[in-house]
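The values are calculated or read from the model by the stated rules, or taken from the named source; none is laboratory data. Since the model is a prediction, treat every value here as computed from it, not as a measurement. FYI the Cβ positions are ideal-geometry reconstructions off the backbone, even for glycines, and counts take in every protein chain you see. We work out accessible area using only protein heavy atoms, side chains counted, and drop any ligands, DNA or RNA first. Shrake-Rupley method; radii C 1.70, N 1.55, O 1.52, S 1.80 Å.
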Amino acid sequence: MNLFDVYPLYDVTPVSAKGLEITDDKKQTYLDFYGGHAVISIGHSHPHYINRIKTQLEKIGFYSNSVHNPLQKELADKLGELSDCNQYKLFLCNSGAEANENALKLASFHTGKSRVIAFTNSFHGRTSAAVATTDNLTINAPINRQQQVSFIDFDDIGGFKKEIEKGDVCAVIIESIQGVGGLDQPSADFFKNIASLCKKYNVVLIADEVQSGFGRSGLFFAFQHYGIVPDLISIAKGMGNGFPVGGVLIHPKFEASHGLLGTTFGGNHLACTASLAVLEVLEKEKLLENSKNMGEYFKEKAKQIPQVNEIKGKGLMLGLKFDFEVSELRKRLIFNQHIFTGGAKDKKVLRILPALNVNKKQIDQFFNALISELS
C-alpha cells in the first residue's frame, strides 16, 4: 500500500532528537527553529517529559471517559494555576482542529445561531467548521462551504460592526497572533472593541491559542497581551510537546450537560501526563520568561539584517519578512546550514518557532547561517 500523497517533503529523514537538535539517518545534525509547526515547546526528548510518560505507561495508558481519570483534574488545576485562567473549565480532546470544532459547536449551542465571523488569513484547522473559518478556499471542500462564515480584515472595525449587528452571529474566532497566515496581529484597540461588541450582541468570543498558547508569545496566552477575557480558549500544539492533545477552556457562563461534547481518546492518561510534564517544565525552567527574553534578543539581532523588511510576532512566535519569497531560502537553510525554519501563507515571511528553552548561542548560530545565505 502507498501513502496518500498530500505532503510536499524535504529529503530529510529524522531518526532522533534532543533539545533543539534533530539527527537524520545520515547522522547529520540540524538546528530545529520550527518545532514541527510550534509543537515542540520544551525541546525534543526532555528527560522529565520522557520519565513522566514512561512511568505512566507502565501503569495505564488509556481507558475511556466513562470512568474517573484523576489526571484530568490534576491537569485542569495546574493549567488554571499557570495560565491564570482558574475560572474556566476544561474539555480535553486530541488536536487544535478538534478544539476549535468543539468551541464553535459550543458557541452555536449557547446562542442558537450559526454564522461565524473570522479574519482574513486565518487558519483554524482542517475539519468541518474549523476549516470553514480558515481563509483558504483551496482546502475548503463544498461540504465545508455550507458553513456560514464572514471574513473581516484585522482593524476593519466598520466592517466588523456591520456584520455583528445583523444579529445572526454565534461566534467570533480570532488568533491573537496569526500562525499559518504570517504572524499578523490585531491592534489592541481593535481587539478590545470586538470583545466589547461580542458582549453587547451576546456573541461568543473564541481565542484560538492553538499555536500561540503555552508560553510561546512570552505570556501564557497571547490574548493576555490585550487585556481581554475570551469566552472560549482553544489549545493544542505546544500543550503536549509532540503528544497529540488539545482542549477548550470554557467560561463558567456555559452550562454542561451529559453528551453535549465527547471524545474517545481526548484526556487519556498518556495525553494528560504529557501535558502535565510540559507545564511542570515550563514552570520549573521559567520558560515563559525565557520566551520573552529570547524573543527580544532575536529581534535585536534581526534589526541588524538589512534584507529584513519587517520583524513580526511576539516571544518565540516570530516572523522575518523579506522582499522576496522565502521558499528557496528555507531550502538553503536546511541543506546548506542544517537549520529548520517555517513558511507561511504570506510567502515572503520566514517563520521562527523554536522550543521555549532556546538560548542566545543557538539564536546566534541561526543568524550566522542566515547572513551566510543572504550574502
Worksheet, complete the sentence: Result of the Cβ filter at 6 Å on the range 253-271, keeping first residues that are farther than 26 Å from ARG52 by Cα and partners that are basic (Lys, Arg), at least 6 apart or interchain, is none
Worksheet item: In the range 25-80, which residues are without any contact (Cβ under 8 Å) to a residue 40 or more places away in the chain and on the phi > 0 side of the Ramachandran plot?
Response: LYS27, SER45
Practice prompt. Take PHE154 and decide whether it is surrounded by 17 or more Cβ atoms within 10 Å (Cβ to Cβ), within 18 Å of ALA344 (Cα to Cα) and in contact with a Lys or Arg (Cβ under 9 Å, 6 or more places away or on another chain).
Written response: no
Worksheet entry | Unique residue being among the aliphatic types (A, V, I, L, M) and within 22 Å of VAL245 (Cβ to Cβ) when the list is ILE177, ILE152 | ILE177
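Out of all the residues in the range 300-326, which are part of a helix (DSSP H, G or I) and open to solvent by 60 Å² or more (accessible area, probe 1.4 Å)? Step through it out loud before you land on a result.
Going through the range 300-326, the residues part of a helix (DSSP H, G or I) turn out to be 300-302.
Correct list: GLU300 only.
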Worksheet, complete the sentence: Log entry, pairs with first residue in the range 276-295 being closer than 23 Å to ALA76 by Cβ, second being acidic (Asp, Glu), beta carbons closer than 7 Å, six or more apart or on different chains, reads LEU276/GLU74
Response to the item:
Taking the range 119-150 and the residues there that are hydroxyl-bearing (Ser, Thr, Tyr) and part of a helix (DSSP H, G or I), the one that is least open to solvent (accessible area, probe 1.4 Å) would be SER128
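Where in the range 1-118 are there helices (runs of 4 or more DSSP H), lying wholly inside it, with at least 3 residues that are of a type outside the set (S, T, N, Q), touching a Leu at 6+ places or on another chain (Cβ under 6 Å) and at pLDDT 95 or above?
Values: elements: 35-38, 47-57, 70-83, 96-111.
Output list reads 70-83.
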Worksheet item: Conditions: (1) charged (D, E, K, R); (2) open to solvent by 10 Å² or more (accessible area, probe 1.4 Å); (3) in contact with a helix residue (DSSP H, G or I) (Cβ under 7 Å, 6 or more places away or on another chain). LYS253 meets all but one. Number of the miss?
Response: (3)
Worksheet item: Before we move on, is SER196 under 18 Å from TYR226 (Cα atoms) and either in a helix (DSSP H, G or I) or more than 24 Å from the chain's Cα centre (by Cα) (or both)?
Response: yes
Practice prompt. Can you confirm whether the range 218-241 contains a residue that is in contact with a Pro (Cβ under 8 Å, 6 or more places away or on another chain) and open to solvent by 20 Å² or more (accessible area, probe 1.4 Å)?
Written response: no
